[in-house]
Amino acid sequence: MDAIVAVYNDWGIGCSGTQPVVLAEDRQYFKQMTKGSTVIAGRRTYEDFSPQPLPNRKNIIISENRDYKADGAIVVHSIDELRQEISGDENVFVVGGASIYKLLLPFCKHVYVTKVGAQPESDTFFENLDNSPGWTLEHPGETLESGGLKYSFNTYTNNAPEEM
């Protein structure tokens, strides 16, 4: 299992349930990386993406609400249910939000981090992997620019991922 996330300078990832700054290049990267894969999201993140499942992906939503349904997506309510749903899936990506990242990060082998050179107001944050001893910046990305914003695509590796 891997994770993919866009972070700001302070490792913020969102405010009021959405991304304050969005780069088209990051959306393309996300689409390219996750196409044909299984994606795992929390209910609010899933609803922020679209009222429909992300196309060309197996969509899994983690929700505590046992009555929650989403056409075209699989809804699970626990790690055990998730484990069953992803059993045998080759490419699995955790795509947010903050509580889902926190829950599943120990199981991730890699995190693909788009660092966006901005610091908008954020009320949700991703773990700062630069300061986390269990993580190594394996592939620092080249600094690119879009609309006056610098950004880079980076890959972090978990030195001791837990078994899912």
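Given the criteria in contact with a Pro (Cβ under 6 Å, 6 or more places away or on another chain) and at pLDDT 95 or above, does Asn159 qualify?
For Asn159, the condition - in contact with a Pro (Cβ under 6 Å, 6 or more places away or on another chain) and at pLDDT 95 or above - is not met.
For the stretch 142-164, the candidate set comprises residues that are in a strand (DSSP E or B) and of a type in the set (Gly, Ala, Ser); within that set, the residue that is surrounded by the fewest Cβ atoms within 10 Å (Cβ to Cβ) is Ser146.
From Asp89, Asp71, which residue is open to solvent by 80 Å² or more (accessible area, probe 1.4 Å) and either touching a residue at least 12 places away in the same chain (Cβ under 8 Å) or not small (Gly, Ala, Ser) (or both)? Exactly one of Asp89, Asp71 is open to solvent by 80 Å² or more (accessible area, probe 1.4 Å) and either touching a residue at least 12 places away in the same chain (Cβ under 8 Å) or not small (Gly, Ala, Ser) (or both), namely Asp71. Residue check: Arg44 meets all listed conditions (1) closer than 13 Å to Gly97 by Cβ; (2) open to solvent by less than 70 Å² (accessible area, probe 1.4 Å) but one, namely (2). Checked against the criterion of being more than 15 Å from Ser37 (Cα to Cα) and open to solvent by 50 Å² or more (accessible area, probe 1.4 Å), the candidates His77, His139 yield just one match: His139. When the stretch 68-115 is limited to residues that are of a type in the set (D, E, K, R) and in contact with an Asp or Glu (Cβ under 8 Å, 6 or more places away or on another chain), the one that is farthest from Asn9 (Cα to Cα) turns out to be Lys109.
Set side by side, the residues Glu64, Glu90 differ, and just one is touching a helix residue (DSSP H, G or I) at 6+ places or on another chain (Cβ under 9 Å) and assigned to a loop (DSSP other than H, G, I, E, B), which is Glu64.
Residue pairs whose Cβ atoms lie under 6 Å apart, separated by 6 or more positions or on different chains, with the first residue in the stretch 98-121 and touching a residue at least 60 places away in the same chain (Cβ under 8 Å) and surrounded by fewer than 21 Cβ atoms within 10 Å (Cβ to Cβ) and the second basic (Lys, Arg) and not in a loop (DSSP other than H, G, I, E, B), are Gly117/Lys150. Scanning the stretch 5-32 for residues being modelled with pLDDT of 95 or more, surrounded by fewer than 17 Cβ atoms within 10 Å (Cβ to Cβ) and aliphatic (A, V, I, L, M) gives a total of 1.
If only residues of the stretch 122-136 that are open to solvent by 90 Å² or more (accessible area, probe 1.4 Å) and without any contact (Cβ under 8 Å) to a residue 60 or more places away in the chain are counted, the one that is nearest to Arg27 (Cα to Cα) is Asn131. Against the list (1) at pLDDT 95 or above; (2) over 18 Å from Arg27 (Cα atoms), the condition Leu149 fails is (2).
The values are calculated or read from the model by the stated rules, or taken from the named source; none is laboratory data. Everything numeric in this text was worked out from a predicted model, so none of it was measured. Please note: Cβ atoms are built from the backbone with ideal geometry, for glycine as well, and neighbour counts cover all protein chains shown. The area values use the complete protein model at the heavy-atom level, side chains included, leaving out ligands, DNA and RNA. Shrake-Rupley method; radii C 1.70, N 1.55, O 1.52, S 1.80 Å.
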